[in-house]
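Engineer: What follows is a single structure, and I will ask about it in a moment.
Since every read-out is calculated from the coordinates, none of them should be taken as a lab result. Small disclaimer: the values here were computed from a predicted structure and weren't measured. Don't worry about glycine lacking a Cβ; one is built from the backbone with ideal geometry, like all the others, and counts go over all protein chains shown.
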């Protein structure tokens with residue numbers, strides 16, 4: 001029997017979670033505000049459940065391919081790599097765990113600032129911080145910082161225009177009024 005690597009485990013987890021998510025999305029009460037059978041209150045959660053399942057399948061496939069490649073090269077699947085560390089205030093921290101904790105803090109900050117700052121400003125801040133956090137150090141250069149700055153401004157404005165003007169949805173305005 002083949003060993004399950006982390007990528008395969010992640011794929012299996014997301015496939016199972018997407019099925020759970022999709023089942024509960026189908027139980028959402030359907031509100032049809034405009035009197036026609038178009039988008040309703042459960043459409044987006046159901047689409048997200050399907051997308052999550054597809055991404056889980058891709059992750060599972062990636063894990064199988066990695067396992068197959070490792071077997072061809074005779075690399076033991078249990079071989080441990082030394083985790084990358086960060087030095088912060090004289091202490092060593094696991095880079096992956098620190099990134100995960102910081103990403104959760106950024107999401108919590110986004111949720112807290114959504115009402116006071118509004119959708120546009122809080123989303124700009126969220127996109128910029130999360131992108132800079134997740135950007136690999138070898139790709140950090142002036143060009144990437146400029147790109148991050150521009151899309152962190154453009155994307156929230158476009159989303160706001162689409163949701164407010166075309167879909168008639170209400171998003172928090174915050175200090176922009």
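Engineer: Could you check how many residues of the range 150-174 are surrounded by 14 or more Cβ atoms within 10 Å (Cβ to Cβ) and without any contact (Cβ under 8 Å) to a residue 24 or more places away in the chain?
Structural biologist: Number of matching residues: 2.
Engineer: Output the residue which, of all residues in the range 40-59 that are farther than 13 Å from residue 22 by Cβ and free of Cβ contacts under 8 Å to residues at least 40 places away in the same chain, is surrounded by the most Cβ atoms within 10 Å (Cβ to Cβ).
Structural biologist: The extreme case among them is 40.
Engineer: Read through the list (1) surrounded by 11 or more Cβ atoms within 10 Å (Cβ to Cβ); (2) on the phi > 0 side of the Ramachandran plot, then give the number of the only condition that residue 147 fails.
Structural biologist: In the conditions (1) surrounded by 11 or more Cβ atoms within 10 Å (Cβ to Cβ); (2) on the phi > 0 side of the Ramachandran plot, residue 147 misses (2) alone.
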